[in-house]
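The values are calculated or read from the model by the stated rules, or taken from the named source; none is laboratory data. The structure presented is a predicted model; accordingly, all values stated were derived computationally and were not measured. Note that each Cβ is placed from the backbone with ideal geometry, even for glycine, and that neighbours are counted across all protein chains shown. When the accessible area is computed, the model is the full protein with side chains, heavy atoms only, and any ligands, DNA or RNA have been set aside. Shrake-Rupley method; radii C 1.70, N 1.55, O 1.52, S 1.80 Å.
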Amino acid sequence: EEFVLRYQEESGCDIGITFDYPILPGLSLEEKENRMERSIHNSNLALKLKNNKKMLLYSAVHGHNPADIKKYLKSLDSGFDGYAIGSLVPKKRDYNMLINVVSAARNEKPLHVFGITGFPALFALSYMGIETFDSWTYLVAAAFKEYIDPGTLKRVKLRKVKKLPECDCFICGDYDLNDFLEGTSEAEILLALHNLNVFLKEMECVREKIKENELESYILKKAEKNSSIKRAFLIAKQYI
Ligand SMILES: [Zn+2]
């Protein structure tokens, strides 16, 4: 743990995250508790060892259900600048479980959620005040020759369409459907870049709409063309 912490401090990270042992599905209860205990120990140790006053220290938080998450948070010493939830590998589109778990971890400190994929979860969590999270959707989609439609934010299987949805990004200005369908790594990168452009644009819109206090109406507008966005949002709204 000390090694990871020094590395983060010396590499000039703005935010350091404690080293932890992810909990994978299928572990025995004993193994699961053991890994959680070691992660908690690491976090509390990192808090004691931290030298760099400028770097914020977030503790990893693990658990697959609200009770585990609450127990985990209670076992951490106070003084962390924020928390990062990992081990969230929810069943695909189980927004109820995802939001339930995230909601259990909410407190007055910033909260980062790892491994969120897809716009429905992204919008729902933004609405809950969780601003920073990463997503690999754009890369994974590109690997499967899927194009994120900027209008509906759904993944379109390129092999099944005759025409690309409208997009004004710089990639789509220069390349078309046939370029994306080529079986080369260049084609995959171009497609990933388009998907990334859509993702970044949406994240920028979300930040803007939060400032203007109009996030809810923005999400509802997006939900008109995407029922999953609506479903995830309505669940999140129950927790606000
Ligand atoms: Zn594009």
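Run the numbers for GLU186 and ARG93: contour at 0.36 nm per residue of separation, minus the present Cα-Cα distance, in nm.
30.4 nm
What does the accessible area of THR117 come to, in Å² to the nearest 10, when a probe of 1.4 Å is used?
90
Keeping all protein chains in place and using 1.4 angstrom, which order do ILE240, ILE23 fall into by accessible surface area, from largest down?
ILE240, ILE23
Got a sec? What order do MET97, MET203 fall in by accessible area at 1.4 Å, biggest, i.e. largest, first?
The residues order as MET97, MET203, largest area first.
For ILE116, enumerate residues with amide H under 5 Å from its amide H, sequence gap 5+ or separate chain, H modeled in the peptide plane.
ASP134
Only bridges with both residues in the chain count here: give the DSSP antiparallel percent, nearest 5.
The answer is about 20 percent antiparallel.
Once both axes come from the Cα atoms, what is the angle between helix 95-105 and the longest principal axis of the chain, in degrees from 0 to 90, rounded to 10?
With both axes taken from Cα atoms, the answer is about 30 degrees.
Bin by bin, in steps of 10 Å, what percent of the Cα pairs in the chain do you find, going until the bin that has the longest distance?
7, 28, 29, 24, 11, 1
So for the stretch 99-240, what percent of the C-alpha to C-alpha distances run longer than 21 Å?
Percent of Cα pairs beyond 21 Å in the stretch 99-240: 44.
What is the dipole size for the chain, taken about its Cα centre, with +1 at each Lys and Arg Cβ and -1 at each Asp and Glu Cβ, in debye to the nearest 20?
920
For the chain, which whole percent of the accessible surface, found with a 1.4 angstrom probe, sits on carbon and sulfur atoms?
The nonpolar share, carbon plus sulfur, comes to 53 percent.
Roughly what angle does helix 227-238 make with the longest principal axis of the chain, taking Cα atoms, 0 to 90 degrees, to the nearest 10?
For 227-238 against the chain, the angle is about 30 degrees.
How big is the charge dipole of the stretch 184-224 about its Cα centre, in debye rounded to the nearest 20, if each Lys and Arg gets +1 on its Cβ and each Asp and Glu gets -1 on its Cβ?
The calculation lands at about 120 debye.
Give the accessible area for TYR175 in Å² (nearest 10); use a 1.4 Å probe, count only protein heavy atoms, and leave out ligands, DNA and RNA.
Surface accessible to solvent at TYR175 totals approximately 80 Å².
Would you work out which of LEU234, TYR218, PHE114 lies farthest towards the positive end of the dipole of the chain? Charges go on Cβ: Lys and Arg +1, Asp and Glu -1.
Farthest towards the positive pole: LEU234.
Modelling each spin label as a point 7 Å along the Cα-to-Cβ direction, I'd like the ARG106/ALA143 distance in nm, to one decimal.
3.2
Given a 1.4 Å probe and heavy atoms of the protein chains only, how would you sort HIS194, HIS64, HIS41, HIS112, largest accessible area at the top?
Putting HIS194, HIS64, HIS41, HIS112 in descending order of accessible area: HIS41, HIS64, HIS112, HIS194.
Could you tell me the calculated FRET efficiency between LYS211 and GLU33, based on Cβ-Cβ distance and R0 = 51 angstrom, to the nearest 0.05?
The value I calculate is 0.75.
In terms of modelled amide H atoms, which long-range or inter-chain residues lie less than 5 Å from the amide H of ALA60?
THR18, ALA84
Calculate one ³J(HN,Hα) per residue across the stretch 194-201 by plugging θ = phi - 60° into the Karplus curve 6.51 cos²θ - 1.76 cosθ + 1.60, and present them in order as whole Hz with x for glycine and proline.
Values, residue by residue: 4, 4, 5, 4, 5, 4, 5, 5 Hz.
As a test of the definition: which semi-axes, in Å, follow for the stretch 201-240 when you take the square root of five times each eigenvalue of its alpha carbon gyration tensor? Largest first, please.
With the √(5λ) rule applied to the stretch 201-240, the semi-axes are 17, 13, 8 Å.
Taking the Cα centre of the stretch 2-114 as origin, sum charge times position over the Cβ atoms of Lys and Arg (+1) and Asp and Glu (-1), and report the length of that vector in debye to the nearest 20.
Result for the stretch 2-114 is approximately 260 debye, rounded to the nearest 20.
What accessible area per residue, rounded to a whole number of Å², is obtained for the chain using a probe radius of 1.4 Å?
Computed with neighbouring chains in place, this is 56 Å² per residue.
Once you treat every alpha carbon in the stretch 2-114 as an equal point and sum by Debye, what is log10 I(q)/I(0) at q = 0.14, 0.20, 0.23 Å⁻¹?
Summing over Cα pairs of the stretch 2-114 leads to -0.55, -1.06, -1.31.
How far, in nm, would the chain grow between ASP174 and LYS70 when pulled straight, counting 0.36 nm per residue and subtracting the alpha carbon separation?
Gain on stretching ASP174 to LYS70: 32.4 nm.
Starting from 0.36 nm per residue, how many nanometres of slack lie between LYS225 and GLU166 once their C-alpha separation is accounted for?
Contour length minus the Cα-Cα distance gives 19.8 nm.
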